[in-house]
Amino acid sequence: MARIFIVGSGVVGAATGKGLLRAEHEVTFIDTAPRRLDHLRSQDLDARDVLDLRAERSAFVFLTLPTPSTGRGYDLSAFEDGTAAVGRALAGATEPHVVVVRSTVPPGTAEGVAQPLLEKHSGRVHGEDFTLASNPEFLRAASAVEDFRHPWMTVIASRSARTRERLAALLAPFGGETRFFANPAQAEFVKCAHNLFNATKISFWNEMWLVSRSLGLDLDPVAQTVARSAEASYNPDYGIRGGSPYGGVCLPKDTRGFLGLAETIGVDMPLLEAVVKVNDVLAKESGTGAPSGDGDRIPSGAGGGPQGGAENGGQTGAGSDVLTVGAA
């Protein structure tokens, strides 16, 4: 049975703590909101307004603090305040603890923000008196508790191999695929890219819906078919190798051609415009050949060759920095 502290007990923190409590670990919820503390206590949960690590055995301290949008950025003020409070608690600790960043944060936050704050306010040294890990959450607000109990993916990162092993042992009983990284920034990047990919796919089909509406077509059966016919939908390794623009004949021809169609019916397609622009920039930057508008195959080069198109088969892109892939 592990000792767990949840710092920030909103949707993510409550789901994380309740899931670990159900797995028979000793869990304490920490929060500064009186109404939230009252709600947790009404469920017979151990909820406190101050983290106190004095006389506590070695524990996992999960940072599940809010990081709301500023409009064009992340507001890390609550995250910084909560992390500083953990640092002050570490100052009185008699055992080494593992601080786990579970909040959604920009890449580099664990080591660039959390670690300096923890060291400053604790007077302790990372790697000696405490260790740091990243374990981003993939919980949906409407089903957060169930998502924690039945994860489809768990991502763990830490400079310490022992910390990765300990965190994996804690979370392994919940199942799902697990991926490990030595650099916490990569795990943080995974979470950001995860959400951005989902948002981009939604906007792609919304843009297609605008075109289909103008053409008098029902998009639903089209989208359902493409979801099964397009390799980018059914092959998880398709197109994920960074630095390699798409090439061949089909993709350059159809991206430009469809933009022309959209113009004739008066529909703006900013997302598709951006797709072409990014590809052209990468083709020039990597020296792989002509921009996609020229309609020629982009030959292999510094970027590792073209991606996409039936004639060149697409590309796999498993990153070499993933330490372990397997079933947890």
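The values are calculated or read from the model by the stated rules, or taken from the named source; none is laboratory data. Note that the structure is a prediction, hence the values are computed from the model and not measured. Using ideal geometry, Cβ is built from the backbone for each residue, glycine included, and neighbour counts are taken over all protein chains shown. Note: accessible area is taken over every heavy atom of the protein model, side chains too, but ligands, DNA and RNA are not part of it. Shrake-Rupley method; radii C 1.70, N 1.55, O 1.52, S 1.80 Å.
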What's the extension gain from LEU196 to ARG213 if we count 0.36 nm per residue and subtract their Cα-Cα distance? 3.6 nm
Identify which of the listed values of percent of Cα pairs over 35 Å apart was calculated from the structure shown: (i) 18; (ii) 35; (iii) 27. (ii)
Env charge @ GLY13, Cβ radius under 12 Å, K,R +1 / D,E -1, value +1
Mind checking which of THR131, ALA15, ASN198 is farthest towards the positive end of the chain's charge dipole, using Cβ charges of +1 (Lys, Arg) and -1 (Asp, Glu) about the Cα centre? THR131
Take the Cα radius of gyration of the stretch 145-219 and divide it by 2.2 N^0.38 Å, with N its residue count; two decimals is plenty. 1.63
Rough spin-label spacing in nm, given labels placed 7 Å along Cα→Cβ, for LYS284 and ASP52: 6.3 nm
Just grab the label-to-label distance for ASP237 and ASP75, each label 7 Å out from Cα along the Cβ direction, in nm (one decimal). 4.4 nm
Cα-based Rg of the stretch 47-140 per 2.2 N^0.38 Å, rounded to two decimals? 1.06
Which trypsin sites (Lys or Arg not before Pro) from the stretch 216-273 combine a DSSP loop assignment with at most 13 other Cβ atoms within 10 Å? none
FRET efficiency for ALA23 and THR264, using Cβ-Cβ distance with R0 set to 56 Å, rounded to 0.05: 0.45
Can you tell me, using C-alpha contacts under 8 Å and at least 6 residues apart, the relative contact order of the chain as a whole percent? 13 percent
Per residue, how much accessible area does the chain have with a 1.4 Å probe, in Å²? 51 Å²
Relative contact order (percent, whole number), the stretch 1-135, Cα cutoff 8 Å, 6+ residue spacing: 23 percent
Quote the relative contact order of the stretch 84-145 in percent (integer), defining contacts as alpha-carbon pairs under 8 Å separated by 6+ residues. 47 percent
Please work out the Cα center distance from the stretch 5-56 to the stretch 183-242, rounded to the nearest Å. 37 Å
Just in the stretch 132-227: which chymotrypsin sites (Phe, Trp or Tyr not before Pro) are loop by DSSP and have at most 13 other Cβ atoms within 10 Å? TRP152
Counting Lys and Arg as +1 and Asp and Glu as -1, what is the net charge of the other residues whose Cβ lies under 12 Å from the Cβ of THR28? -3
Using a Gaussian network model of the chain whose springs link C-alpha atoms within less than 10 Å, name the residue from PRO270, PRO173, PRO106 with the highest mean-square fluctuation. PRO270
So for the stretch 1-106, using the alpha carbon gyration tensor with a ≥ b ≥ c as root eigenvalues (a/c under 1.5 gives rounded; past that, a/b versus b/c decides prolate or oblate), I'd call it oblate
With a ≥ b ≥ c the root eigenvalues of the C-alpha gyration tensor of the stretch 93-198, is it rounded (a/c under 1.5), prolate (a/b larger than b/c) or oblate? prolate
